[in-house]
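Comments concern the structure below.
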Amino acid sequence: MMSIRSLAGACLSAFAALGAFAVPASAQNYPTRTITMIVPFAAGGPTDVISRIVTAHMAQTLGQSIVIENVVGAGGTTATTRAARAANDGYTLVTGHMGTHAASVPLYPKLAYHPEKDFEPVALLAGTPILILARKDFPPKDLKEFVAYVKANAEKVNAAHAGIGSVSHASCELLNSILDVKPVGVPFNGTGPAMNALVAGQVDYMCDQIVNAVPQINAGTIKAYAVATPERNPSLPNVPTTTEAGLPAFQAQAWNAIFAPKGTSPAIIATLNAAAIKALDDDNVRKRLLELGSVIPAPANRTPEALATLVKSEIAKWTPVLKPAS
Ligand code: ASP
């Protein structure tokens, strides 16, 4: 006969087994093979750099490799479309950002995905302040001169960006609308290659995420006029804010975050979110992100729910800014 204790034990095991049935076996053991992280821009750019820093740590936590696949084109929307259509099994993810998951909505009337309906938010990785940058021999010395020069030479100057709907495109659309100028846009497959062109003096200016710019500014290979955030960035203490430099209306900070295709199981999302949070708490990961000027999200902003809220508010914020440009 079963004792009370073993009966209770049997009941508990039965409950545990029932609970186990609620989570598919594939999610329970996840991950059992390599995960692909699609990066919608060229290698070496800000989204690529942030993805590599964070996923290297996540891979250790998860016990499986995370392979970065750079899929370029159409301001990041080609890759994001591919991610939206991928199997929702946790093995294909995408690093989306303020462009792919917000600015693209008003800019592409036929966008093949909807950031809110076709993805499960996983985790915000990093905030990335926007800087106004120029080739090092661009004549203006400071932001006031830049504004005057760009207005006076509106027909001649050009601005590099990473394709329609990218962060560099959307944030410079905002800047250009404030200045009331329409420079010639020069598209690249990411601001990694756009930065190379800026360093080589082939393009005039660019609005880019800080992560891509700190090494170049420190090396003196490009000019930085201002950072478009209320405070200076600790990684670039000598670069004034747009407010200090006389253009307070231009405020812009982008962000990069992990998304999974819609319908990915909540257990897998929770596993990935926990691994991302662990990475963001790692001293070495933090050091590398902070050296590049990123803003590491506060704990309250690291949940999938917080990312869903961010996406919604960013679509609402960028739609009126970019609608007239589309
Ligand atoms: N984040 C992009 C990159 O990594 C560029 C952009 O959105 O402007 O190149």
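The values are calculated or read from the model by the stated rules, or taken from the named source; none is laboratory data. Keep in mind it's a predicted model, so treat the numbers as computed, not measured. When the accessible area is computed, the model is the full protein with side chains, heavy atoms only, and any ligands, DNA or RNA have been set aside. Shrake-Rupley method; radii C 1.70, N 1.55, O 1.52, S 1.80 Å.
What to note about this one:
- The long axis of helix 210-219 is offset from the longest Cα principal axis of the chain by roughly 50 degrees.
- Accessible surface computed residue by residue for the chain, with neighbouring protein chains in place and a 1.4 Å probe, gives 43 Å² per residue.
- Degrees between helix 167-179 axis and first principal axis of the chain (Cα, 0 to 90, nearest 10): 40 degrees
- Measuring nothing but protein heavy atoms, the accessible surface of region 20-157 at 1.4 Å probe radius is 52 percent carbon and sulfur.
- Based on alpha-carbon atoms, the Kirkwood radius and the radius of gyration of the chain give Rg/Rh equal to 1.07.
- From the alpha carbon centroid of region 131-203 to that of region 216-241 is 16 Å.
- Estimated [θ] at 222 nm from DSSP helical runs (n ≥ 4, -39500 (n - 2.57)) normalised by residues in the chain, nearest 500: -13000 deg cm²/dmol
- Each pair of Cα atoms in region 39-175 enters the Kirkwood radius, and Stokes-Einstein at 25 °C and 0.890 mPa s then converts it into a translational diffusion coefficient of 146 µm²/s.
- Dimensionless Rg/Rh of region 118-157 - Kirkwood Rh, Rg from C-alpha atoms: 1.30
- Viscosity 0.890 mPa s, temperature 25 °C, Stokes-Einstein D of region 216-310 from Kirkwood C-alpha radius, µm²/s: 156 µm²/s
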